[in-house]
Each structure stands twice: as structure tokens, then as C-alpha cells.
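**Q** Could you have a look at this structure, given as C-alpha cells, before my questions?
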Amino acid sequence: MSETTFPTAARPRPTAQSPKGALPGDMPRRDRLARIVRVDHAGEYGAKRIYEGQIAVIGKGRHGKTLRHMAEQELVHLQYFEKQLNRRRVRPTLLQPLWHVTGFLLGAGTAILGERAAMACTVAVEEVIEEHYEAQLKQLGPDEQELADSIRKFQAEEVEHRDIGLVNEAELAAGYPVLSAAIKAGTRAVIWVAERV
């Protein structure tokens, strides 16, 4: 039985844009990284606005210091991704003005419902972000170690925020299962849109 050979030109060659083992239709590496940086910048911007909304409503209460601590961490995350946008020449999401408004309204709205509802918002958002960051870490190769290390650090801080929400009785918020499910669904939808727009 003779061995079948293919012309050299027919063999796909890995490039800087398509890693070895890439399949037809796979997103080029540069586009994939642009999506990661764009959506993470959008997410951290939204998180900053959520905490600003919560602080505006309940920032003078017993959770004010905790909310400011979490907001400060989100600001550090946001500043990192702003630098990544500039360094990689990636445009931010076109919907940032929308996140500016909706993030604040989500934070303020849940805080108006009460401290537990505000904490339920934090838990729901941070659970989705933790999963989102984990999926991104699986896409990053050794050539993006600094980005991966930063995402891993931010992921740990998002888990800390989730745990703070749980300790502060998020699960005792009125209608917690419905509130949590709605916020998670909205967060996943925002992630999908921000990656693409």
C-alpha cells in the first residue's frame, strides 16, 4: 500500500497569528487577545460603576468601608486593563457609555433594596467573573505570562469580593435566587456583547 503525500503548499503552516495545532475557523491569536483585553476592561469599568452606585446609597452605613475597599481593588484592575488597551492598540467596547449608566444603576438599585441585596449583587457578578477569568486563563499561552498572572491575581480578588458578600448575608436577601439568577444572566450577556462590540 502506497503512502499518500500532500503537496507542501496544501499543509497549513502555523504563524504568529495562528498557533500550532490551530484549526480552520479558529480566531487568530491577536483577535483573541484583543477580545480578552476589551471585555476585561469593560467588566472592570462596570464593576467600578456598580460599587460607585452602592457607595452613593449605602456608603455611609456599616458596609461603607468594605465597599470602598472593593471599589479600590476594581479601580486597580481597571487601570491595568486601560494600559493593556493602549499597549496592544485595542479599542474599548463601543458600549462603554451604556456600562457607565447601567453599572451605576445596578449598584444603586440593589443598594436601595437593602444591604443584603447589594451584597447579593456582588456575589452574583463576582461568581460569573471568576468563571470568565478561569476560561480566559485556559486560552493564554506561556507567551502571555504577565497577562495571565495579572488575571489570576484579579480573579483571586474577585473571589474575595464574593466571599465578603456571602459573609454579609447576601443569600438572605429577599428573593435571592431570582435576583442572583437575573444578575448572572445580565452579566453573561454583557460579557458576550463587550467581547464583540
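**Q** Got the relative contact order for the range 36-185 handy, in percent, Cα pairs under 8 Å and 6 or more residues apart?
**A** Once divided by the residue count of the range 36-185, the mean separation gives 28 percent.
**Q** Select from 147, 28, 41 the residue farthest towards the positive end of the dipole of the chain; place +1 on Cβ of Lys and Arg, -1 on Cβ of Asp and Glu, and compute about the Cα centre.
**A** 28
**Q** Using just the helices of the chain, give the 222 nm mean residue ellipticity in deg cm²/dmol: DSSP H runs with n ≥ 4 each add -39,500 (n - 2.57), and the total is spread over all residues, rounded to 500. List each step's numbers first, then the result.
**A** On the way: 6 runs with 142 residues, N = 197.
One gets -25500 deg cm²/dmol as the mean residue ellipticity at 222 nm.
**Q** If you don't mind, there's one more thing I want to ask. By accessible area of protein heavy atoms, probe 1.4 Å, what ranking do 60, 83, 153, 48 get, highest first?
**A** Order by accessible area, largest first: 60, 83, 153, 48.
**Q** Which whole-number value in Å² is the accessible area per residue of the range 144-197, probe 1.4 Å?
**A** Details: 2780 Å² over 54 residues.
Value for the range 144-197: 52 Å² per residue.
**Q** Please identify the helices of the chain, taking whole runs of DSSP H, that span at least 15 Å along their own axis as judged from the Cα atoms and have a mean Kyte-Doolittle score of 1.0 or higher. Each step should come with its number before you reach the end.
**A** Numbers: long enough: 29-58 (43 Å, -0.46); 64-88 (36 Å, -1.15); 96-113 (25 Å, 1.03); 115-139 (37 Å, -0.29); 145-167 (33 Å, -0.60); 176-196 (30 Å, 0.59).
In the chain, the long hydrophobic H runs are 96-113.
**Q** Report the accessible area of residue 87, computed with a 1.4 Å probe over the heavy atoms of all protein chains in place, in Å² rounded to the nearest 10.
**A** 150 Å²
**Q** Report the accessible area of residue 39, computed with a 1.4 Å probe over the heavy atoms of all protein chains in place, in Å² rounded to the nearest 10.
**A** It works out to around 10 Å².
**Q** Residue 149: accessible area at probe 1.4 Å, nearest 10 Å²?
**A** 80 Å²
**Q** Explain nothing, just the number: dipole magnitude of the range 101-197 about its Cα centre with +1 on each Lys and Arg Cβ and -1 on each Asp and Glu Cβ, in debye rounded to the nearest 20. Could you put the intermediate results ahead of the total?
**A** Values: 8 positive and 17 negative charges, 91 e Å.
That gives a dipole near 440 debye.
**Q** Let me ask another. Hey, of (1) 23, 21, 17; (2) 36, 16, 15; (3) 39, 17, 14, which did the structure itself give for semi-axes √(5λ) of the Cα gyration tensor in Å when calculated?
**A** (3)
**Q** Within the accessible area of the range 95-153, what % is carbon and sulfur when the probe is 1.4 Å and the other protein chains stay in place?
**A** Values: 1730 of 2730 Å².
The value for the range 95-153 is 63 percent carbon and sulfur by accessible area.
The values are calculated or read from the model by the stated rules, or taken from the named source; none is laboratory data. Just so it is clear, the model here is predicted, and its values are computed rather than measured. Positions of Cβ are generated from backbone atoms using ideal geometry, with glycine treated the same way; all protein chains shown enter the neighbour counts. Side chains included, ligands, DNA and RNA excluded: accessible areas come from the protein's heavy atoms. Shrake-Rupley method; radii C 1.70, N 1.55, O 1.52, S 1.80 Å.
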